[in-house]
Amino acid sequence: MENTSPAIQYFADPGLWLLSTANTAYLFGRSANGRVQHLYWGEKITDAQDVSAFGLIAEGDPVGDYDVIAVQLQRKGLVPVDEYPAWGGFFYQEPCLKATFAGGVRDSHLVYSRHEVKTTSDGLPLLVVTLKETLYPLEVDLYYKVVPELDLLERWSVVRNTGQERIELEAALSAGWHLPNRVQGQYRLTHLTGRWNTECQVRHDLLPDGKTTLESRRAITSAEMNPFFALDWWDADSGGAGEESGEVWFGALGWSGSWKITLERSADPERVYIAGGVQDFEFRWQLGAGEEFTTPPFTAGFTANGFGQASRNLHRYQLDYLLPRSHARKLRPVIYNSWEVYFFDFNEEKQFELADRAARLGVELFVIDDGWYGRRWSDRVSLGDWFVSPEKFPNGLGPLIKRVNELGMNFGLWVEPESVNADSDLYRAHPDWVYNFPRRPRNEVRKAMMLNLARPEVATYIFDCLDKLLSQNNISYIKWDFNRPITEPGWPDAPLEHQREIYVRHVTALYEVVDRLRAKYPAVAWEACSSGGARLDLGMIRHFDQVWPSDNTDPFDRLFIQEGYSFAYAPKTMVNWVTESNGSHSINNQALNLRYRFHSAMTGTLGVGEDLHRYTPEYEAEVAAYIREYKAIRPIVQEGDLYRLISPRRGSLAALEYVKPDRSEAVVFVYRHTEHYWFSAARVRLCGLDPARSYRVEGLRREIVVSGQSLMSLGLLPELSGHFASALIKLTAL
Ligand code: DGJ
């Protein structure tokens with residue numbers, strides 16, 4: 001055995017890689033014919049010798065005799081599939097790679113070439129296994145970044161043309177994942193679905209035979225489906241994994257454009273193969289001599305401790321590795337944003353008044369949303385014209401920002417840089433800058449079209465506009481919106497063969513512009529938004545500090561949206577506003593009490609979006625008190641471990657718990673949305689506490705001191721009566 005790192009071991013004879021994390025093992029190997037094949041992913045293999053002892057790999061198979069190897073491996077109860085399957089030979093499932101070589105050959109045979117173990121800049125072990133085509137000048141580097149303490153693997157691949165003639169890629173996915181073969185049960189898929197105002201709805205479905213595809217073809221991540229999956233083993237006796245128990249394999253893709261995750265099941269024994277990456281519908285990539293195509297990362301993990309642990313591992317990964325480092329450890333400020341109050345109808349005077357009132361509440365970041373620029377009195381004009389409206393702000397933004405800063409708050413601004421209205425100076429000057437097909441109408445949404453960011457001059461224009469705004473004004477935060485999917489993805493000036501690179505180039509250009517701006521203005525924080533939560537993914541979380549999950553701010557609906565969000569994404573990144581009970585979006589038309597609204601919004605990064613002019617002194621004092629309370633618990637909510645104690649999908653009660661990593665403090669939110677049939681009291685059992693310590697419990701009718709053990713077994717009794725009642729309970733270890 002070549003012992004290269006405790007997390008990455010290579011057994012030269014017979015040629016196996018064992019990736020080990022704290023609790024999991026991932027095993028793949030190369031057969032004598034050079035095929036690199038997946039073998040196992042799941043609970044830890046404690047004795048590395050076992051790997052060789054089992055004689056896991058097929059020997060002496062001729063190249064191309066795939067069936068022979070498959071049968072041999074199947075007899076050993078293993079998954080006989082290529083680690084990164086390419087389309088060719090007898091492979092009929094979803095290929096990770098589909099390439100066309102010179103002369104029109106469209107079938108690929110990838111075999112082992114070499115491998116290397118490195119350490120990433122963030123100190124993580126990295127394995128790179130290079131495959132090469134048996135006849136044509138193509139190489140694929142398979143990257144495996146191991147996050148040992150979080151039981152995660154971050155995988156991506158780089159496809160390289162090492163020859164002189166062009167190679168066309170029809171599919172180049174990030175990774176293929178193979179689940180262990182099982183019998184007497186069925187894999188069950190958990191995923192997030194939705195639409196505008198209804199994002200991140202959790203669904204559990206038994207995986208049917210054949211192929212299930214989760215995808216977006218809209219050039220954005222989409223509200224309809226989110227690039228996250230979890231699979232657990234379901235059988236009639238156990239009912240599958242729960243929040244804190246059971247085996248779960250899960251993953252999320254770091255890509256903010258069109259994407260695809262396919263899950264293919266065949267039964268008896270149950271076999272599941274997952275492939276994911278950039279969407280191959282409307283994708284063709286020309287790989288010129290010496291060029292590379294790098295796929296986005298696809299991060300996945302395994303846990304034996306249920307969906308809750310899967311989420312906590314993904315959350316910690318975002319906090320510790322993924323979120324932009326400049327802000328990752330900073331607590332997110334309390335926001336005020338008047339979008340839902342005024343929409344486009346505001347001016348400097350109104351914002352001055354709001355700023356005074358927001359400061360009194362304890363707001364830390366005062367934001368002006370859509371409407372501050374050009375002639376923007378409605379959503380039909382001025383997108384693209386990023387100059388301050390002379391009508392609304394005759395003196396520029398300077399005086400308002402000065403006032404906001406004097407009041408002790410930072411100032412933030414909304415932009416939607418990738419869109420343009422037909423009625424704008426930008427479109428009049430550059431009608432060719434939008435995606436379009438000649439002789440076809442240019443579809444509009446909110447009278448907006450999409451700028452073609454694949455054009456370098458468009459990316460430069462966007463960078464320059466933002467650069468100017470940020471250099472001339474003391475702006476601490478940008479909310480970057482995107483309000484429509486791309487249609488007619490044509491670029492008439494570009495060579496025909498490059499036309500279908502647009503969906504990828506757009507996203508890459510977006511990341512590049514934001515990264516350049518971040519480098520130049522490191523103090524600025526960035527929020528991603530897309531008509532609510534249509535651009536929520538690990539790609540955005542790598543480049544942005546926080547995300548707007550939904551335009552639906554109804555506090556009860558939000559419990560469901562926020563729950564789904566938390567399956568994959570960290571609470572710190574999730575922005576929640578307290579808005580008018582009967583807010584301007586009039587969702588559900590229900591007036592809920594302030595306490596419930598705050599308790600719903602306090603579970604991530606808090607904001608307020610109410611009409612502050614309507615506040616009475618008493619109401620203002622109440623709001624200020626909630627904001628003070630939020631600030632006191634903010635480190636636990638934003639950086640703690642989340643336990644979803646009771647899902648809102650289960651009944652009339654929901655509960656969430658956030659525990660500080662050292663288990664010295666915790667907060668519990670309990671929500672009761674209905675009381676009927678004289679609902680008897682229900683105890684809520686906590687998780688993640690230190691059983692040996694005593695905790696002071698505040699927020700019940702009277703303060704008590706109880707052991708962690710009892711809080712986790714006997715549980716708490718939150719006395720909530722009536723509809724839409726809620727409690728915030730604080731625990732401090734003594
Ligand atoms: C959609 C966003 O989700 C809202 O928060 C708001 O910023 C509007 N766009 C502005 O047009």
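Nothing in this text is a laboratory measurement; each read-out follows from the coordinates by a stated rule. If you're wondering where the values come from, they're calculated on a predicted model, not measured in any experiment. Don't worry about glycine lacking a Cβ; one is built from the backbone with ideal geometry, like all the others, and counts go over all protein chains shown.
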Computed E for PHE343/GLU444 - FRET, C-beta separation, R0 30 angstrom, nearest 0.05: 0.95
Inter-part distance where the range 247-270 and the range 330-379 are each reduced to a Cα centre, Å: 41
Positive-end extreme of charge dipole, the range 339-426 - chosen from VAL341, ALA422, LEU397 (charges on Cβ): LEU397
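For the chain, what is the relative contact order in percent, using Cα pairs closer than 8 Å and at least 6 residues apart in sequence?
Once normalised by length, the contact order is 10 percent.
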Sum of -39500 (n - 2.57) over DSSP H runs of 4+, divided by residues of the chain (222 nm, nearest 500): -6500 deg cm²/dmol
Magnitude of the charge dipole, the range 363-489, Cβ model with Lys/Arg +1 and Asp/Glu -1, debye to 20: 300
Farthest toward positive dipole pole in the range 482-622 [+1 Lys/Arg, -1 Asp/Glu at C-beta], among ALA519, TYR619, PRO571: ALA519
Theoretical gain in end-to-end length, GLU292 to SER710 [0.36 nm per residue, Cα-Cα removed]: 144.8 nm
Efficiency of FRET between GLN93 and GLU43 - r from beta-carbon atoms, R0 25 angstrom, step 0.05: 0.45
For the chain: rounded, prolate or oblate by the Cα gyration tensor [a/c cutoff 1.5]: oblate
Per-peptide average of other Cβ atoms within 10 Å, ordering 325-333, 506-514, 373-381 highest first: 506-514, 373-381, 325-333
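List ASP47, ASP356, ASP82, ASP641 from most exposed to least, where exposure is judged by having the fewest other Cβ atoms within 10 Å.
ASP47, ASP356, ASP641, ASP82
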Gyration tensor (alpha-carbon) shape descriptor, the range 110-185, a/c threshold 1.5: oblate
Neighbour-count ranking [beta-carbon atoms within 10 angstrom, fewest first] of HIS430, HIS543: HIS430, HIS543
Net length gained if the chain between TRP678 and THR134 were fully extended (0.36 nm per residue, minus Cα distance): 188.6 nm
Relative contact order (%) - criterion: Cα under 8 Å, at least six apart; region: the range 630-685: 29
Shape call, the range 226-297: gyration tensor on alpha carbons, a/c limit 1.5: prolate
Residues in the range 482-502 that a label on GLU457 would reach, taking backbone N under 12 Å of a point 7 Å out along Cα→Cβ: 493
Residues GLU620, GLU406, GLU657, sorted so that the one with the fewest Cβ neighbours within 10 Å comes first: GLU406, GLU620, GLU657
Label point distance in nm, GLU620-ALA328, each placed 7 Å from Cα along Cα→Cβ: 4.1
Extension gain, LYS350 back to ALA692 (0.36 nm per residue minus Cα-Cα distance, nm): 117.7 nm
The chain - charge dipole about Cα centre, Lys and Arg +1 at Cβ, Asp and Glu -1, debye rounded to 20: 1080
Relative contact order of the range 324-446, pairs being alpha-carbon contacts under 8 Å that are 6 or more residues apart, as %: 25
Förster-model FRET efficiency, 60 Å R0, ARG628 and LYS118, C-beta, rounded to 0.05: 0.80
Subset of LYS44/LYS211; LYS631/LYS660; LYS330/LYS392 violating a 22 Å alpha-carbon distance limit: LYS44/LYS211; LYS330/LYS392
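Placing +1 at every Lys and Arg Cβ and -1 at every Asp and Glu Cβ, with all other atoms neutral, what dipole size does the range 502-633 have around its Cα centre, in debye to the nearest 20?
For this selection, approximately 540 debye.
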Signed unit charges on C-beta, dipole axis of the chain, positive-most listed residue LEU731, ALA219, TRP377: LEU731
Inter-label distance, nm, simple model (7 Å from Cα along the C-beta direction), LEU496/SER238: 5.6
